[in-house]
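Taking it in order: structure first as structure tokens, then the write-up.
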Protein chains: 2
Amino acid sequence: MMQKTLIHGFALLTCITISSMLHAQNQRPERPNIILFLVDDMGWTDTSVPFGDEPAPNNRVYDTPNMQRLASKGVRFSDAYAQSVCTPTRVSLVTGMNSARHRVTNWTNSGTNQPTDAPYPRFNWPDWNYNGLATEPGQTNTAVATPLPSLLRKAGYYTAIVGKGHFAPYGVPASNPENIGFIESVASDATGRPRSYLGTDNFGNSVPKTFDRGVRGLEAYHGQDIFLSEALTLEAQKAMDKALDLNTPFFLYFSHYAVHTPIMADNRFYQKYLDRGLDSTEAKYASLVEGMDKSLGDVMDYLDVRHISDNTIILFMSDNGGLSLNPPRGGAPFKHNYPLKSGKGAVYEGGIRVPMIAYWPGVTQPGSIARQYIQAEDFFPTILEIARVTDYTTQQRIDGVSFVPSLKASTAYDSSRTLLWHFPSNWGQGLGTLQKYFPVMRIEDVGFGPTTAVRRGDWKLIYFYGTGHVELYNLRHDIGEAQNLANAHPDRVQELLAEMSRKLQEKDAQFPISAQTGKVVRPKLP
Amino acid sequence: MMQKTLIHGFALLTCITISSMLHAQNQRPERPNIILFLVDDMGWTDTSVPFGDEPAPNNRVYDTPNMQRLASKGVRFSDAYAQSVCTPTRVSLVTGMNSARHRVTNWTNSGTNQPTDAPYPRFNWPDWNYNGLATEPGQTNTAVATPLPSLLRKAGYYTAIVGKGHFAPYGVPASNPENIGFIESVASDATGRPRSYLGTDNFGNSVPKTFDRGVRGLEAYHGQDIFLSEALTLEAQKAMDKALDLNTPFFLYFSHYAVHTPIMADNRFYQKYLDRGLDSTEAKYASLVEGMDKSLGDVMDYLDVRHISDNTIILFMSDNGGLSLNPPRGGAPFKHNYPLKSGKGAVYEGGIRVPMIAYWPGVTQPGSIARQYIQAEDFFPTILEIARVTDYTTQQRIDGVSFVPSLKASTAYDSSRTLLWHFPSNWGQGLGTLQKYFPVMRIEDVGFGPTTAVRRGDWKLIYFYGTGHVELYNLRHDIGEAQNLANAHPDRVQELLAEMSRKLQEKDAQFPISAQTGKVVRPKLP
């Protein structure tokens, strides 16, 4: 009897062991697929999905039925933030670092050692990381980090990037995304914009040129009547095909060049917006938006057809606020993101607040809204958590905080967190518009120039290095940043300024340099 | 008690079921990796590994220590065959079809609809598949087939090609190997040769050109002092890295551009061969060979370092016989493959017999020699058998026969099999050399011009369409094809000619066309 019990026990133990092993085996294919659907320069209101408490006028201008479809299944984030220009956001996404820490504080050029800062009276700029991202030390002026795709790849993910990379200039390994952990890289390099969206233009490659900014790697579509957003969608589907054949989970970093300049008509949608009364440039812009939206729909359809919708998470995001200059936009400058103030390149909400939707089947509540304020670097720990990658080490310290709690319950809200935007530079792109339309304005009036901002709870404090003044806004009551409450709330200003200083010190941030004294200039009240 | 037994039985059943499932799960990672290490234009004696019964003079000229290392672990095939030029072999490798069936009977140009046949008196050429390989009907003059990489990919293999593709001209989907089932494709397109082997020449891309023949996709090495064979090796290692991260088995089609023209010095090895007394061109050629051999060694080292040597099969092969023209080679023309007769483009052994080594850890007997005659299309069923892919369907009929029996026992020998080389065309490349050196010879004397040949057992019969004569050789006693035994063995000639006709009919072969009558010309005795 004793004998029998032992055998019994052994059999049971064996069963459990095998069962556990089987479970471990099974876990791998069960890991979810993750799609980061990244749009370029898309503003917070450039969509028929309202991200604010009430619809913005723009929400009636743009048709994005597939964003509506995604929002109806998932959760939209009303207060999602990027940096005000593109490379800082993109480096944050794949490193989990705030830009004050990674020091890629402005957009990177396509060649090495070419800082892109515009001049500003009485200031020089720090020696920031204008050579972008690197995975190991050795190249000057790079942010050295262990990138997200590498970690996912080592965890067995098929990692693919389709579309805009812009992690580093040509000549730095990270200009080729395969060097930061992507198994597959399509049409992705140092280029920050396409020279043309048209297959009939060979996407800008018709004219040979050193450091060509034509989109590379899409030769199969050259000469065809196909829009870039469509070609990238077909390539994204091919990348997913591969992962499905390999029976591995995938991480697809699907990074549209749309809706960045050059503003060109996507003829599938252009006429509709002309008919709607938009001027020709704005109609082109709207067609870029809807072409991108169609791509989102095609991706969702693909997931349905391949029966992987239930196991695929989609994260929709833009890399900075909407461009609001004229030219290249039509219409009134700095008003394109209304009710948000200003646009790309600015520290105001129009420059940094972006559309964001997350759909995690079975987890996110259909049609919900999360008010948690989050930032680009939060995607890093979030995606790793979704992928169940827990055992990893990185060279860099991670600033991002997972927003998985907000995915699980959209009402989750942590008001103790402080977000940071640090821009010790000047974005030159807007100066012409500014001088043309607002000859008597300061560039600070549209949120340009060297700035640092923090947000905690509903409060946002901005420090302007050029003028030395601060602005304080309560975003809950004043999303348009019209009422500067700094004088009315001196204690809150002091408190947030101290928090700003702590954050900057903790991240070992760089600062603008006084041309007169040669010393760095830190945020402080006069 | 009854109850108990039932529970017992159920527990046992559960254990077995789970165990079987576990086994099924485990099988996948356990599938072997397969490397097809393909060299371009490498002759049978261009190595220090003797493939004949006794060493050839060349075996003392070339240093290929890593081929020796591979041969000492595996089995070398003394009688391995390709077609006499490159695209026919490459299409056979990935389709399992004999070239008489796939009808890509000559090399393909980089542009569509550009047959490469040289003229020949009194003959026109059939409308062969000069547009190469296709995976579905629709493009004229293509061989439609289900390619090997697709089947492996669908079976969960990470399929990568690094180096020369040359499956079809630009404009045909298969010119991009990702369209025939390769998940990854590096430096691989319609190009059949590199414009330069030097990184300092940007591998020939310095000069922009339509249908550029510079090697594409290696921009990261442009401007560097690196030889193409080395750059490809680094890329091959990266491809294997990816499969290891994904924990999937891989099929690496590693296809060197070496040792094809342009014959350029690989400076890591060049001086040694000059010192050895070779003329400068032949020293360059030898350096190309040894640079390729170093790559083989680097791959084997990589497998050791990554602890996958024991589960990785290496198949080493050349795509046709060694080039034996002067120029571009130095030395006496048509003698470079001695003791074999003639070279690339010829139906004689110098044009079709190639170096081949297979290493299957735990299966092949170290240092063994297999005398089984095999042909390029045999790789298709062999590789699928090694990969344990048994449940597959193809659009095409497979001519190849698995040589796994010869891998398991090198003495296995099937003398009943008939190999077929069908070349209803003329290879133009050699005509200048021929007229310069041998003004009174017929092109048939070096095995050029339209021909069909068969081999069964030790016997080889060649039919020359231009002259209407046949030649019969016993390869065991006369590997140099010096003694035409056709007159001495009329019965064997009849028998092999009948077999040739049956094979051609069964494969629905095309034939040269009489310019006079417009009718096809089939092999027959006068």
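The values are calculated or read from the model by the stated rules, or taken from the named source; none is laboratory data. As the structure is a computational prediction, the values presented were derived from the model and not from experiment. Note: ideal-geometry Cβ built from the backbone for every residue, glycine included; neighbour counts use all protein chains shown. Each accessible area value is taken on the protein alone, full model and side chains, heavy atoms only, with ligands, DNA and RNA left out. Shrake-Rupley method; radii C 1.70, N 1.55, O 1.52, S 1.80 Å.
Filter the stretch B:141-165 down to residues that are touching a strand residue (DSSP E or B) at 6+ places or on another chain (Cβ under 9 Å) and open to solvent by 10 Å² or more (accessible area, probe 1.4 Å), then give me how many there are.
4
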Quiz item: Taking the stated definitions as given, is residue A:468 part of a loop (DSSP other than H, G, I, E, B), open to solvent by less than 20 Å² (accessible area, probe 1.4 Å) and either without any contact (Cβ under 8 Å) to a residue 60 or more places away in the chain or over 30 Å from residue A:130 (Cβ atoms) (or both)?
Solution: yes
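Residue-wise test of (1) in contact with a Pro (Cβ under 9 Å, 6 or more places away or on another chain); (2) open to solvent by less than 30 Å² (accessible area, probe 1.4 Å); (3) among the basic types (Lys, Arg).
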{"residue": "B:56", "(1), (2), (3)": "yes, yes, no"}
{"residue": "B:61", "(1), (2), (3)": "no, no, no"}
{"residue": "B:69", "(1), (2), (3)": "no, no, yes"}
{"residue": "B:72", "(1), (2), (3)": "yes, no, no"}
{"residue": "B:89", "(1), (2), (3)": "no, yes, no"}
{"residue": "B:93", "(1), (2), (3)": "no, yes, no"}
{"residue": "B:123", "(1), (2), (3)": "yes, yes, no"}
{"residue": "B:135", "(1), (2), (3)": "yes, no, no"}
{"residue": "B:139", "(1), (2), (3)": "yes, no, no"}
Exercise. Scan (1) without any contact (Cβ under 8 Å) to a residue 24 or more places away in the chain; (2) out of contact with any Pro (no Cβ under 8 Å at 6 or more places or on another chain); (3) more than 10 Å from every other protein chain (Cβ to nearest Cβ) for the single condition residue A:276 breaks and write down its number.
Key: (1)
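Regarding the stretch A:246-267, can at least one residue be identified that is assigned by TED's automatic domain parsing to the domain that holds residue A:107 and in a helix (DSSP H, G or I)?
yes
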Quiz item: Would you pick out the residues in the stretch B:178-200 that are away from chain A (no Cβ under 12 Å), crowded, with 22+ Cβ neighbours inside 10 Å and in contact with a Gly (Cβ under 7 Å, 6 or more places away or on another chain)?
Solution: B:187, B:188, B:194
Self-check item: Residues located in the stretch B:311-357, provided they are assigned to a strand (DSSP E or B) and over 19 Å from the mean Cα position of the chain (by Cα)
Solution: B:312
Quiz item: Residues of the stretch A:124-145 being β-branched (Val, Ile, Thr), within 20 Å of residue A:377 (Cα to Cα) and away from chain B (no Cβ under 14 Å), which ones?
Solution: A:142, A:144
Exercise. Kindly indicate whether any position in the stretch A:198-205 is hydrophobic (A, V, I, L, M, F, W, C), part of a loop (DSSP other than H, G, I, E, B), assigned by TED's automatic domain parsing to the domain that holds residue A:91 and more than 21 Å from residue B:217 (Cβ to Cβ).
Key: no
Practice problem: Considering (1) surrounded by fewer than 20 Cβ atoms within 10 Å (Cβ to Cβ); (2) of a type in the set (A, V, I, L, M); (3) modelled with pLDDT of 95 or more, say which one residue A:82 fails and leave the rest. | Solution: (1)
Quiz item: Listed residues A:190, A:160; which is modelled with pLDDT of 90 or more, outside any helix (DSSP H, G or I) and touching a Lys or Arg at 6+ places or on another chain (Cβ under 8 Å)?
Solution: A:160
Exercise. Select, from B:279, B:319, the only residue that is of a type outside the set (Lys, Arg) and either surrounded by fewer than 24 Cβ atoms within 10 Å (Cβ to Cβ) or under 15 Å from residue B:63 (Cα atoms) (or both).
Key: B:279
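Go through the stretch B:383-423 and count every residue that is part of a helix (DSSP H, G or I), open to solvent by less than 20 Å² (accessible area, probe 1.4 Å) and in contact (Cβ under 8 Å) with a residue 40 or more places away in the chain.
5
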Exercise. Determine whether the stretch A:297-308 contains at least one residue that is under 21 Å from the mean Cα position of the chain (by Cα), among the aromatic types (Phe, Trp, Tyr) and crowded, with 17+ Cβ neighbours inside 10 Å.
Key: no
Practice problem: Under 7 Å between Cβ atoms, at least 6 apart or on separate chains: pull out the pairs that start in the stretch B:363-381 with a residue that is in the same structural domain as residue B:99 (by TED's automatic domain parsing) and on the phi > 0 side of the Ramachandran plot and end on any residue that is crowded, with 24+ Cβ neighbours inside 10 Å and at pLDDT 95 or above. | Solution: B:367/B:71
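A quick yes/no check of all residues on (1) in the same structural domain as residue A:507 (by TED's automatic domain parsing); (2) buried (at least 16 other Cβ atoms within 10 Å of the Cβ); (3) at negative phi; (4) not aliphatic (A, V, I, L, M):
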{"position": "A:434", "(1), (2), (3), (4)": "yes, yes, yes, no"}
{"position": "A:444", "(1), (2), (3), (4)": "yes, yes, yes, yes"}
{"position": "A:454", "(1), (2), (3), (4)": "yes, yes, yes, no"}
{"position": "A:460", "(1), (2), (3), (4)": "yes, yes, yes, yes"}
{"position": "A:475", "(1), (2), (3), (4)": "yes, yes, yes, no"}
{"position": "A:478", "(1), (2), (3), (4)": "yes, yes, yes, yes"}
{"position": "A:482", "(1), (2), (3), (4)": "yes, no, yes, no"}
{"position": "A:485", "(1), (2), (3), (4)": "yes, yes, yes, no"}
{"position": "A:492", "(1), (2), (3), (4)": "yes, yes, yes, yes"}
Quiz item: Between a first residue in the stretch B:234-263 that is touching a residue at least 12 places away in the same chain (Cβ under 8 Å) and a second residue that is basic (Lys, Arg) and open to solvent by 10 Å² or more (accessible area, probe 1.4 Å), which pairs have beta carbons less than 7 Å apart while being 6 or more apart in sequence or on different chains?
Solution: B:244/B:306; B:249/B:31; B:257/B:193; B:260/B:193; B:261/B:193; B:263/B:284
Self-check item: residue B:220 being closer than 30 Å to residue A:248 by Cβ, at the interface with chain A (Cβ under 10 Å from one of its Cβ atoms), at pLDDT 95 or above and surrounded by fewer than 24 Cβ atoms within 10 Å (Cβ to Cβ)
Solution: no
Practice problem: Considering only residues that are more than 9 Å from every other protein chain (Cβ to nearest Cβ) and in contact with a Ser or Thr (Cβ under 6 Å, 6 or more places away or on another chain), look in the stretch B:152-165 and name the one that is farthest from residue B:186 (Cα to Cα). | Solution: B:152
Quiz prompt | Those residues of the stretch A:361-382 which are over 21 Å from residue A:417 (Cβ atoms) and either assigned to a strand (DSSP E or B) or open to solvent by 40 Å² or more (accessible area, probe 1.4 Å) (or both), in sequence order | solution = A:362, A:363, A:365, A:366
Self-check item: Of residues in the stretch B:166-177 being within 9 Å of chain A (Cβ to nearest Cβ) and not polar (S, T, N, Q), the one nearest to residue B:246 (Cα to Cα)
Solution: B:173
